[in-house]
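Data first, discussion second: the structure below is written as structure tokens.
The values are calculated or read from the model by the stated rules, or taken from the named source; none is laboratory data. These numbers were taken from a predicted model, which means no experiment stands behind them. As a convention, Cβ positions derive from the backbone with ideal geometry for all residues, glycine included, and neighbour counts pool all protein chains shown.
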Amino acid sequence: MSHDKLPTDQPAVVTCGLPYANGSLHVGHLRTYVAGDLYSRALRRVGQQTAFVCGSDMHGTPVAVNAAREGVEPREFALEFHEQYRERFPQFNIEFDNYGHTDDETNTELTQEFVESWIDQDHIVEKEIQVAWDAEIEEPLPDRYVEGTCPYCGEKARGDECDEGCQRHLEPGEIENPTSVTTGNPAEYRTREHKFLRLSDFQEYLQGFLDRLEGTENARNQPREWIEGTLEDLCITRDMDWGIDYPGDDREDLVLYVWVDAPIEYVASTKQYAERAADYDWEQVWKVDGEEAHGTSWDDEWTDDSGEIVHIIGRDIIQHHCVFWPAMLRGAGYNEPRSVLATGFVGIDGKALSTSRNRAVWAEEYLDEGFHPDLFRYYIATGSGLENDVDFSWDRFAERVNGELVGNIGNFCYRALLFAQRNYDGTPDADVSDEVHERIEDAVDRFETAVAEYDVRDLGQIAVDLADFGNEYIQRHEPWNLVDDDPEQAAQVIRDCVQLTKACALLMQPVMPEKAAALWAQLDEDGAVDEPELDAALATPPADFGEPAELFTKVESETIEVLNEKLRERVAEASADDEEESDEESDDAVELDALEDGRIGFEQFQDIDMRVGEITAAEPIEDADELVRLEVDIGLETRQVVAGLKQLHDVDELPGTRVILLANMEKAELFGYESNGMVLAAGDEADLLTTHEDAALGTRVR
RNA sequence: AGCGGGAUGGGAUAGCCAGGAGAUUCCGGCGGGCUCAUAACCCGCAGACCGGUGGUUCAAAUCCACCUCCCGCUACCA
């Protein structure tokens, strides 16, 4: 039996992967939450009863370790981040119906119920395994926190994997001379008894589950190897005291593995929401037609009798959501996820985001720049397909905001409403043309299809595409001429444009809720923009409304220059710190960019005008950490160039240096100085290119 | 190593599951137009043998096989 198309009559829950209470949020995290928020709003838009829930992931070794390092209790440490997230999400218009955390009472109780259920159903086995311990402080160590020597290649290795040498996976106890990463104390392996969830009980069930699973393809395909191979038992306990106690075992310091209580927070958070929302039945969503149904098989009828569970996660945690989690649910007699949407990664300026290297754009930072959250939401949701990687760069951000939001949808709505208000005090009394009527219907259809197909990107794009049509339509009919020539026709065209604007407001609401509300208010519509059904896109707008305001503000290129510079400096600082710390591998371990695949023709090369020049003057630019203002004599003329050399060269020694100048580089303005050309230099150290003989100044470089 | 994903005009991105006329859109380039609108908007042009090699088919960016290069996953970090 196949699923009913979304929307269905059953309640739905949309969840996002839990943020781990161990650090601040950056644009990479935000992608998942924006997608979840957008999708849950879209589901409601098409009439699906939906809860959007999440919570902070509080337990686990890293929290315990970092808390200890700061000398605070793990709970206190994690709660601090929890509070930070809880405030941060709404600032991006990410509005969970419930945002809990894994250490709260609801989740603790529910998690223990799950485990008890597995015990009752005989899915738990006990086994003795080798666990690493810090021998001096008497603390257990995950293998990830153990380092030593690889028994195969002799390289330095981590306890679970020879990460720098032969890449081999290491079994617990294999590594030689083990020590603790955090304390440096010697580590030893001890035999401990632990509890395991017998995943093989669910092997057949999981195969069927994957066949039924909707969402992105990667979520279905990636776990296949595991599910069709041998499923190992999953160790669900840890030797530590930070976490949820394993029920029915007196042993102190035995808690559940965080990946047990973390996904259960999805259920707990839904339950907390239902306690406030009387019409929302959490059991109808999470259980099988509202009841627990035990066993290891699946009855296809249950699929349509139960609610719709939609998980949105990063693609690094697919196995947890498509193997462990459904087995956990089934083991407790619960419903299964209908779909898993696994998002690609977010890169920064074409490279991988890295918090350790500070190559990241932080959530707080974005807000501090004063950018509206809806701009980021649009950018990140429509930048590429959900399962593909997407790159964040300030340049691209400005380009897309200015082109697609300011120039296209913002401009269209503003010109349409302004024209209508000035000439008709609101919506002119005329009928919508067939063409526009159809166009809006198509957009509504496209919206409904995108919801059914989990096409987050398209959901974000529809309103902008409709506005794109609007601009073409208004241009084609030139109502500014018609007002005198053919008033009746003019009224009809403007009526069309106002209708298109109204449709835009409704259709853009999931991706840009605040901007949609503003537009809705400009139309002087009653109620909130997220209340009406989608077909309200064709309902007549108010006959009177006031003067509209511009919806979006242009991002200035000066702003972007400064942001780029900040990011560059930060990354440079972080890598400089790195080098100081790791004294061995500094100079010769320069990371080289891969060679470009694409070849360029001689003609293209001819377009590049490089000249021999000589620096005649150099002075540091105030307030800029790296920038230097140069005057470069290139024979024909002397150019002013701004270059990032301050920290790397002695500025006083620069005059007299012969350099190669890219003469037909676009002009740019940096810190108020025009830069007319670009001095060529190699790498992060800015090793200047020069000539070795005495080519005349101004000689072209070929 | 195994598995999964990717490679599309100068840059970015869609299309691929359900194969079919000129391959989408945005930025950039060139040439026009308009003036209601935020120097915005509209129209036109140039530019891609859809990573490579084979195969299936009347027809392949799309399906199949092999290859190259990138990225991710591989269970006791989350």
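One residue stands out in the stretch A:89-117 among those that are surrounded by fewer than 20 Cβ atoms within 10 Å (Cβ to Cβ) and under 22 Å from the mean Cα position of the chain (by Cα): the one that is nearest to A:G36 (Cα to Cα), namely A:E95.
Picking from A:G350, A:G307, which residue would you name as being of a type in the set (G, A, S) and under 20 Å from A:D4 (Cβ atoms)? Break it down into steps so the answer makes sense when it comes.
Details: A:G350 fails: under 20 Å from A:D4 (Cβ atoms).
Testing whether each residue is of a type in the set (G, A, S) and under 20 Å from A:D4 (Cβ atoms) leaves just A:G307.
On the given criteria, is A:E176 charged (D, E, K, R) and more than 12 Å from RNA strand B (Cβ to nearest atom)?
Values: charged (D, E, K, R): yes; more than 12 Å from RNA strand B (Cβ to nearest atom): yes.
Yes; evaluated as a whole, the condition is true for this residue.
When the stretch A:205-225 is limited to residues that are more than 10 Å from RNA strand B (Cβ to nearest atom) and surrounded by fewer than 17 Cβ atoms within 10 Å (Cβ to Cβ), the one that is farthest from A:S297 (Cα to Cα) turns out to be A:D211.
Summed over the stretch A:511-521, the residues that are surrounded by fewer than 21 Cβ atoms within 10 Å (Cβ to Cβ) and in contact with a helix residue (DSSP H, G or I) (Cβ under 6 Å, 6 or more places away or on another chain) give a count of 1. Filter the stretch A:421-460 down to the residues that are within 15 Å of RNA strand B (Cβ to nearest atom) and hydroxyl-bearing (S, T, Y), then identify the one that is farthest from A:Y473 (Cα to Cα). Applying the filter and picking the extreme gives A:Y454. Whenever a residue of the stretch A:507-519 is closer than 19 Å to A:T50 by Cα, its partners that are polar (S, T, N, Q), lying with C-beta atoms within less than 7 angstrom and at least six residues away or across chains, give the pairs A:P513/A:N93. Counting only strands (runs of 3 or more DSSP E) wholly contained in the stretch A:30-142, the ones carrying 3 or more residues that are over 30 Å from A:N335 (Cα atoms) and of a type outside the set (S, T, Y) occupy A:124-134, A:139-141.
Within the stretch A:304-408, which strands (runs of 3 or more DSSP E) (wholly inside it) include 1 or more residues that are more than 11 Å from RNA strand B (Cβ to nearest atom) and under 12 Å from the mean Cα position of the chain (by Cα)? Please lay out each step first, then the result.
Working: elements: A:308-314, A:339-343, A:346-348, A:390-392.
Because the criterion is at least 1 residues that are more than 11 Å from RNA strand B (Cβ to nearest atom) and under 12 Å from the mean Cα position of the chain (by Cα), the strands (runs of 3 or more DSSP E) in the stretch A:304-408 that meet it are A:308-314, A:339-343, A:346-348.
So which of A:D249, A:D253 ends up being surrounded by fewer than 19 Cβ atoms within 10 Å (Cβ to Cβ), within 16 Å of RNA strand B (Cβ to nearest atom) and at pLDDT below 95?
None of the others qualify; the one that does is A:D253.
Looking for whichever is among the hydrophobic types (A, V, I, L, M, F, W, C) and modelled with pLDDT of 95 or more here; the options are A:L386, A:L353, A:L405. Which one fits? Going through A:L386, A:L353, A:L405 in turn, just one is among the hydrophobic types (A, V, I, L, M, F, W, C) and modelled with pLDDT of 95 or more: A:L405. Under the condition of being at pLDDT 80 or above, closer than 22 Å to A:C235 by Cβ and of a type outside the set (V, I, T), the residues counted in the stretch A:136-157 number 8.
Does A:L482 meet the test of being within 16 Å of RNA strand B (Cβ to nearest atom), assigned to a helix (DSSP H, G or I) and touching a residue at least 24 places away in the same chain (Cβ under 8 Å)? Break it down into steps so the answer makes sense when it comes.
On the way: within 16 Å of RNA strand B (Cβ to nearest atom): yes; assigned to a helix (DSSP H, G or I): yes; touching a residue at least 24 places away in the same chain (Cβ under 8 Å): no.
Here the answer is no, as A:L482 does not meet what is asked.
Looking only at the stretch A:292-305, decide whether some residue is over 29 Å from A:T230 (Cα atoms) and of a type outside the set (A, V, I, L, M, F, W, C). So that I can check it myself, show each step before the final result.
The initial filter retains those residues of the stretch A:292-305 that are over 29 Å from A:T230 (Cα atoms), namely A:304-305.
Subsequent filtering for residues that are of a type outside the set (A, V, I, L, M, F, W, C) retains A:304-305.
Yes, the stretch A:292-305 contains at least one residue that is over 29 Å from A:T230 (Cα atoms) and of a type outside the set (A, V, I, L, M, F, W, C).
The sole residue among A:R212, A:R224 that is modelled with pLDDT of 90 or more and not assigned by TED's automatic domain parsing to the domain that holds A:Y454 is A:R212.
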